[in-house]
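**Student:** Okay, here's the structure, questions in a sec.
Values in this text are rule-based calculations from the coordinates and carry no lab data. This structure is a prediction, so every number in the text was calculated from the model and none was measured. Because the Cβ atoms are built from the backbone with ideal geometry, glycine has one as well, and the counts that use them run over all protein chains shown.
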Amino acid sequence: MPHPTAAEQFDPHNPRFTADRFTLLAQMRSEAPVTFLPALQVYAVTRWQEVHDVLGDAVTFASSEAFSAGVHLAPEASAIYSLTSPLFAYNLINVDKPLHTRLRDPLMAAFTPKRIQSLAPTVIADVEDLLDAIAASGGETDLLLTLCKPLALRTICRLLGVPLADAEKLSGWSDALVAFQTPGLPIEVQVGAAHGLRALENYIREMVALKAAMPDDGLISALVASRAAALNDLSEDELVADIAIVFFAGHETTINTIANAFHSLLNRREYWEAIASGTVDAENLTDELLRHDTSVMGLYRRTTVDTVIGGVTVPQGATLWVSYAAANRDPGLFDAPETLQCPRGNARQHLTFGYGAHYCVGPLLARLQIREAVTRVAKRFPEMRLVPGAFVPEIPHHGLRAPITLPVLLK
Ligand code: HEM
């Protein structure tokens, strides 16, 4: 019997999927620039040049209705929250021009480098505070739960001006966006996710009203004020959806990328020691970690016409799975791409934050958190190591590389 191809094995329900995913991506990338994946019914784009070209052409490769490709919601879930409800209908990464521009411009105006830079002292204080708690807790910790998650959650709450006490609740609700991107979930899970999205929408609506009455210096207040001053013409639903996507995209991605980064670094003792002794270029290391360890494996696009990608014909109406993570390990661009390497001259050419119209709005904030987390943990705990023999499980999702736990020993 012939061996199954990489495309045939690319199935998140396969128990070995998370352990094998980079091998499968490498095989797909070497075989063809575009590969049809039967399990997902999508065309995967895996080489750097083609990923870059697809992301750069938002007319041929549309985002509208691409986010939830392959998801068929049960009527019980749709009755509570559907793919036409505000958090999807006005979701930046799920729409095209002109709506995309209307939604994105006000966000970009509020997302100033000054606003992000002003968060640096609190990010540093948060890392140190979390490390104090870890140091006091004994010899072993789950770094995902005690550092990566609380750091990213505190940061996104501070950016938006949302009480830190609500962070866990909001995170639980917004996880539903991942559920709505996962084909084949049981009905009760879909219903739970739909309730979560309804609750998230309601919470943000109340927050918008609160900030109108009692403004602060957070991003929600800035958006509310620019709307009141007619500097943008967002409807309330659109404003709520903009805030929701910043909350979701701003923390989920960061938690898991930081966790993946620690996982890689703790397997490379020489780098850990170099960071601890301050002999590493922290900016270059941050980009190399982003290249090697992004949590966003890929997102979707939809072809608006029959087209050719890297010599492969793809019909109109097809769904593409565009893999940033596969592009980041393309040997055509990166030398020894599967290996974390610092310094790496072209590390910054990664496509971790996308490219083109939908380029991430948060790279500055993501870089800040990764750099401060990694350098401060290594300096405080130079002898930290992964718990020997412990397996680091990841959630079985093709679009996300997200560890479930990250157990480490402090010395
Ligand atoms: C390591 C962390 C992060 C990663 C890996 C990441 C990755 C991405 C990627 C790949 C996209 C492009 C989506 C597309 O091509 O359709 C994107 C978009 C986006 N990101 Fe990030 N991101 C990160 C951090 C952040 C942060 C910190 C924020 C906000 C505080 C943020 C907010 C957004 C938003 C709002 C979009 C949608 C942009 C649009 O569609 O116009 N992200 N991100």
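**Student:** Using a Gaussian network for the chain with springs between C-alpha atoms less than 10 Å apart, which of these wobbles most: VAL34, VAL387, VAL308?
**Tutor:** Checking each option, the largest mean-square fluctuation is seen for VAL308.
**Student:** On a full-extension model of 0.36 nm per residue, what is the gain between ALA136 and LYS169, subtracting their alpha-carbon distance, rounded to one decimal in nm?
**Tutor:** 9.3 nm
**Student:** Next up: Can you tell me the FRET efficiency between GLU76 and HIS397 if r is taken as the Cβ-Cβ distance and R0 is 35 Å, rounded to the nearest 0.05?
**Tutor:** So, using R0 = 35 Å, E works out to roughly 0.95.
**Student:** Continuing with the same structure: Just to be sure I understand the rule: take each whole DSSP H helix in the chain, project its Cα atoms onto its long axis, keep it if the span is 15 Å or more and its mean Kyte-Doolittle hydropathy is at least 0.5. Which ones pass?
**Tutor:** In the chain, the long hydrophobic H runs are 120-136, 149-160, 236-266.
**Student:** What 222 nm value per residue comes from the helices of the chain, counting each DSSP H run with n ≥ 4 as -39,500 (n - 2.57) and dividing by all residues, nearest 500 deg cm²/dmol?
**Tutor:** -15000 deg cm²/dmol
**Student:** What does the extension gain come out to for ARG380 and ALA120, with contour length at 0.36 nm per residue minus their alpha carbon separation?
**Tutor:** 91.7 nm
**Student:** Which loop GluC sites (Glu not before Pro) in the range 334-403, with loop taken from DSSP, have no more than 16 other Cβ atoms within 10 angstrom of their Cβ?
**Tutor:** GLU338, GLU383
**Student:** OK, next. In nanometres, what is the gap between the two model label sites at HIS3 and SER277, each 7 Å from Cα along Cα-to-Cβ?
**Tutor:** Distance between the two pseudo-spin positions: 4.2 nm.
**Student:** Quick one: Cα centre-to-centre distance for the range 144-207 and the range 240-290, in angstrom?
**Tutor:** First find each Cα centre; the distance between them is then 21 Å.
**Student:** Now a separate question. For the range 6-409, how many pairs of lysine residues have a Cα-Cα distance under 28 Å, where the two are 8 or more positions apart or belong to different chains?
**Tutor:** 8
**Student:** Over the chain, with a Gaussian network built from C-alpha contacts below 10 Å, which listed residue (ARG376, ARG16, ARG291) shows the highest mean-square fluctuation?
**Tutor:** The residue with the greatest mean-square fluctuation here is ARG16.
**Student:** What is the chain's relative contact order, in percent, from Cα pairs under 8 angstrom and six or more apart in sequence?
**Tutor:** Value for the chain: 26 percent.
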